[in-house]
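The values are calculated or read from the model by the stated rules, or taken from the named source; none is laboratory data. Please read these numbers as outputs of a predicted model, since none were measured by experiment. Counting neighbours? That spans all protein chains shown, and the Cβs are built from the backbone with ideal geometry, glycine included. Side chains are part of the model used for accessible areas, which takes the heavy atoms of the whole protein and leaves out ligands, DNA and RNA. Shrake-Rupley method; radii C 1.70, N 1.55, O 1.52, S 1.80 Å.
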Amino acid sequence: MNFEFARIAIAGIHTGIGKTIAAAVIAEALGADYWKPVQAGIEERDVNVVERLLTNGRARVHDEAVLLTQPLSPHAAAEIDRIKIDYKNFIWPKTDKILLVETAGGLLSPISENATMADFMAYYQLPAILVAQHYLGSINHTLLTLEVLKNRGIHLLGIIINGEENIPSETFTEQYGHATIIARIPYFERLDHHSISTCAAQIKHALLQAMAG
């Protein structure tokens with residue numbers, strides 16, 4: 001399959017929103033590779049989670065550009081590790097597949113001492129799939145994130161809802177934010193390759209439509 005977008009950012013409206021699991025589902029649906037450029041914390045690396053969940057994950061998951069020891073905001077973790085992060089000099093993985101690029105935290109979370117994830121995405125002109133979740137205040141977080149995307153000129157492919165549906169919230173978000181909710185990913189009672197593959201098959205068509213549109 002030929003796609004216009006060879007690289008896609010998987011971004012979130014907040015930290016801990018489910019970007020990694022969403023990225024695994026999307027990667028499985030599209031046959032894409034996965035890369036998280038900056039990982040803060042070595043005990044629970046997202047690359048290990050995604051590798052375990054994907055078909056042939058070892059070949060499709062790429063090591064981080066920057067691996068920091070402390071589970072903190074990257075700019076703070078980099079200071080502790082005495083590492084200077086310059087996203088403009090990242091060496092990108094080589095692949096002939098679509099590459100999903102998972103960001104850390106929300107769009108305005110620091111990637112370095114003087115830049116945010118939004119700066120990184122805008123510099124590389126990465127289109128985005130935005131992962132959202134319903135909680136008190138999530139509409140505000142989602143709309144603020146959509147404003148950042150718009151102001152930075154970052155193309156939004158659509159929103160993935162992680163968890164249970166909330167029709168009033170989703171309707172307001174789509175209408176006011178002029179955004180499309182592509183699909184929903186459920187909370188998995190059992191998180192394994194089978195559950196990821198099943199969900200991937202269910203949302204594949206909607207993802208392809210979003211990318212074609």
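Here is how the numbers come out for the structure above:
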read-out: The chain - charge dipole about Cα centre, Lys and Arg +1 at Cβ, Asp and Glu -1, debye rounded to 20; value: 380
read-out: Contour minus Cα-Cα distance for ASN89 and ASP63 (0.36 nm per residue); value: 7.8 nm
read-out: Lysine pair count for the chain [Cα-Cα under 26 Å; pairs on different chains or 8 or more apart]; value: 19
read-out: When the chain is reduced to its Cα atoms, the Kirkwood hydrodynamic radius in Å; value: 17.2
read-out: Residue order for PHE90, PHE172 - accessible surface, 1.4 angstrom probe, largest first; value: PHE172, PHE90
read-out: For the chain, accessible area per residue (1.4 Å probe, heavy atoms of protein chains only), Å²; value: 51
read-out: Whole-Å semi-axes of the range 1-116's equivalent ellipsoid (Cα gyration tensor); value: 23, 15, 13
read-out: Rounded if a/c under 1.5, otherwise prolate or oblate - the range 121-209, Cα gyration tensor axes; value: oblate
read-out: The range 157-200 - convex hull of the alpha-carbon atoms, volume per residue in Å³; value: 64
read-out: The chain: relative contact order in percent, alpha carbon pairs under 8 Å with at least 6 residues between; value: 27
read-out: Trypsin sites (Lys or Arg not before Pro) within the range 27-120, DSSP loop, no more than 14 other Cβ atoms inside 10 Å; value: ARG82, LYS84, LYS94
read-out: The range 29-82: Rg to Rh, with Rh as the Kirkwood radius over Cα pairs; value: 1.05
read-out: Shape box of the range 100-155 [Cα atoms, principal axes, largest first, Å]; value: 31, 24, 22
read-out: Ranked order, HIS205, HIS155, HIS62, HIS178 - accessible area, probe 1.4 Å, largest first; value: HIS178, HIS205, HIS155, HIS62
read-out: Residue-averaged 222 nm ellipticity for the chain, from DSSP H runs of 4+ at -39500 (n - 2.57), nearest 500; value: -12000 deg cm²/dmol
read-out: Anisotropy class of the range 52-94 from Cα gyration tensor, a/c 1.5 cut; value: oblate
read-out: Per-residue SASA entry for ASP86, accessible area with 1.4 Å probe, Å² rounded to 10; value: 70
read-out: With at most 12 other Cβ atoms within 10 Å, longest stretch of the chain clear of loop GluC sites (Glu not before Pro) (DSSP); value: 45-112
